[in-house]
1. Please compute one quarter of the surface area of the Cα convex hull for the stretch 92-190 and express it in square nanometres.
2. So how compact is the chain: Cα radius of gyration and Dmax in angstrom?
3. For the residue pair residue 84 and residue 8, what label-to-label distance in nm results when each label sits 7 Å from Cα along the Cα-to-beta-carbon direction?
4. Whole angstrom only: what separates the Cα centroid of the stretch 109-165 from the Cα centroid of the stretch 55-108?
5. What three numbers, in Å, describe the spread of the alpha carbons of the stretch 129-171 along their principal axes, ordered from the longest?
6. With both bridge residues required to lie in the chain, what share of the DSSP beta bridges run antiparallel, to the nearest 5%?
7. Using only helices, what value at 222 nm comes out for the chain when you add -39,500 (n - 2.57) per DSSP H run of length 4 or more and divide by the total residues, to the nearest 500 deg cm²/dmol?
8. Can you pull the one-decimal nm distance between simple spin-label points at residue 63 and residue 160, each 7 Å off the Cα toward Cβ?
Ligand SMILES: [Zn+2]
């Protein structure tokens, strides 16, 4: 599922600060474009308190012939395999944090909802994604972070936005400049 180069980008196992965590997600997104292995999106899951890396994901929609294969979804799938559970909020596990180079789309909004992730950190905004690349985010609720925050009786999912946003946008611009494919279904019919 993950590209072969991915291992080369994972040079350490602990990422204490939020900027280091986002730095890795952006680096994966950039390499994904450079290697022509997918869209300009990267995501990582960390143990929230320690910063220990649990899993990574990049967008591999085109390579895998799979519209589900967004970076966040891949990171969630890998983390659940590594942790041997469909529920990353299981009592035996530490709190998990998803760090994604760009705001989750409608599909990833739902994926995160059911994943067991306890917090989400975002680089580029949904507007950045749509305006710079031409990708569509789908009908994500306007106050999506408030909806994550208020899931009573489920635990809240805390959202932090605009971390290294400029660097994240640089990858989106790089993809655009390289005529990156817009693989949203139906986009070749408009
Ligand atoms: Zn998505």
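1. Value for the stretch 92-190: 7.3 nm².
2. Just the Cα atoms of the chain yield Rg and Dmax of 15.3, 48 Å.
3. 3.3
4. Each part reduced to its Cα centre gives a spacing of 13 Å.
5. Extents along the principal axes, in whole Å: 38, 23, 11.
6. 60
7. Estimated from H runs of four or more residues: -10500 deg cm²/dmol.
8. It is 2.9 nm.
Each reported figure results from applying straightforward, stated rules to the coordinates on display, with no laboratory input. Owing to the predicted nature of the structure, the values given are computational and were not obtained by experimental measurement. When we count neighbours, we look across all protein chains shown, and the Cβ atoms used for this are built from the backbone with ideal geometry, even at glycine.
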